[in-house]
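One structure is given below, encoded as structure tokens.
Bear in mind these aren't lab numbers, they're just calculated from the coordinates by the rules spelled out. Note that the coordinates shown come from a computational prediction; the quantities given were computed from them, not determined experimentally. Counting neighbours? That spans all protein chains shown, and the Cβs are built from the backbone with ideal geometry, glycine included.
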Ligand SMILES: [Zn+2]
């Protein structure tokens, strides 16, 4: 198995064929035997699968080829991404052609990812720059933190922010040692 994986990772991204930096990616949900869940993909494919970047339909035309992979984890990923893109006629056509055996199809459906419509909600700062966990931001407004004497003046730098998972308008950050929730419209990404 290890040899087979080493061999696969040499041939570029298993989804788009890119020769850019390839890393091992574990296709959810995690299995006991993670080797069979692993695919080798480029950063661009991973960022879009993980919804850290907006879906770029043009990029995913690559699935027309990679969906015929013999690797079930690649088939599963291709099937999920084609579902997210199903409003595009080429993607819908490919989905019609893509046959997964019963077990693989059950795996593909297990995350519910295919029910998404492909829109990606990203955390963005006041200028529309995409925010990531770990970014440094600057307050563009003095914040009044209720019940606190916290000094959150305009211009305060907040390092190592965390994105609030289910709310794209909020991040968490530490000011004077206290973790507070800050609205993304009141901040700007440093250097952004
Ligand atoms: Zn790729």
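Rounded to the nearest Å, what's the spacing between the alpha carbon centres of the range 169-183 and the range 16-70? Just the number, please.
The range 169-183 and the range 16-70 have Cα centres separated by 33 Å.
Tell me the mean residue ellipticity at 222 nm calculated for the chain from its helices only (DSSP H runs of n ≥ 4, each -39500 (n - 2.57), averaged over every residue, nearest 500).
Numbers: 6 runs with 49 residues, N = 192.
Theoretical 222 nm ellipticity from helices: -7000 deg cm²/dmol.
Based only on other Cβ atoms within 10 Å, what is the fewest-to-most ordering of 186, 99?
Ascending Cβ contact count within 10 Å gives the list 99, 186.
Principal axes first, then extents: for the Cα atoms of the range 137-189, list largest minus smallest coordinate on each axis, whole Å, largest first.
For the range 137-189, the Cα extents along the three principal axes come out at 28, 20, 17 Å.
Tell me the label-point distance for the pair residue 19, residue 145, using the 7 Å Cα-to-Cβ offset, in nm and rounded to one decimal.
If labels sit at residue 19 and residue 145, their model points lie 5.1 nm apart.
Below 8 Å, C-alpha to C-alpha, sequence gap of six or more: please give me the relative contact order for the chain in percent. Provide the component values of the computation, followed by the final result.
Values: 311 pairs, mean separation 27.7, N = 192.
Reported relative contact order: 14 percent.
Over the range 137-189, what is the relative contact order in percent, taking alpha-carbon pairs closer than 8 angstrom and at least six residues apart? Walk me through the numbers before you get to the answer.
Working: 89 pairs, mean separation 19.0, N = 53.
Reported as a whole number, the value is 36 percent.
If I fit a long axis through the Cα atoms of helix 72-84 and take the longest principal axis of the Cα atoms of the chain, what angle between them do I get, 0 to 90°, rounded to 10?
With both axes taken from Cα atoms, the answer is about 60 degrees.
What residue among 102, 53, 172 has the largest mean-square fluctuation in a Gaussian network model of the chain, using Cα springs under 10 Å?
102
Run the simple label-point estimate for residue 50 and residue 104 please: 7 Å along Cα→C-beta, distance reported in nm.
Between residue 50 and residue 104, the label points sit 2.6 nm apart.
In Å, the Kirkwood hydrodynamic radius of the range 2-115 over pairs of distinct alpha carbons?
Kirkwood hydrodynamic radius for the range 2-115: 14.1 Å.
How much length is gained on full extension from residue 90 to residue 130, taking 0.36 nm per residue of separation minus their Cα-Cα distance? All intermediate terms of the calculation are to be shown ahead of the outcome.
Numbers: separation 40, 0.36 × 40 = 14.40 nm, distance 2.88 nm.
So the extension gain works out to 11.5 nm.
Sorted from fewest to most neighbouring beta carbons within 10 Å, what does the list 45, 16 look like?
Working: 45 27, 16 18.
Ranked by crowding around the Cβ, least crowded first: 16, 45.
Based on Cα positions only, what radius of gyration and what Dmax would you give for the chain, in angstroms?
20.4, 62
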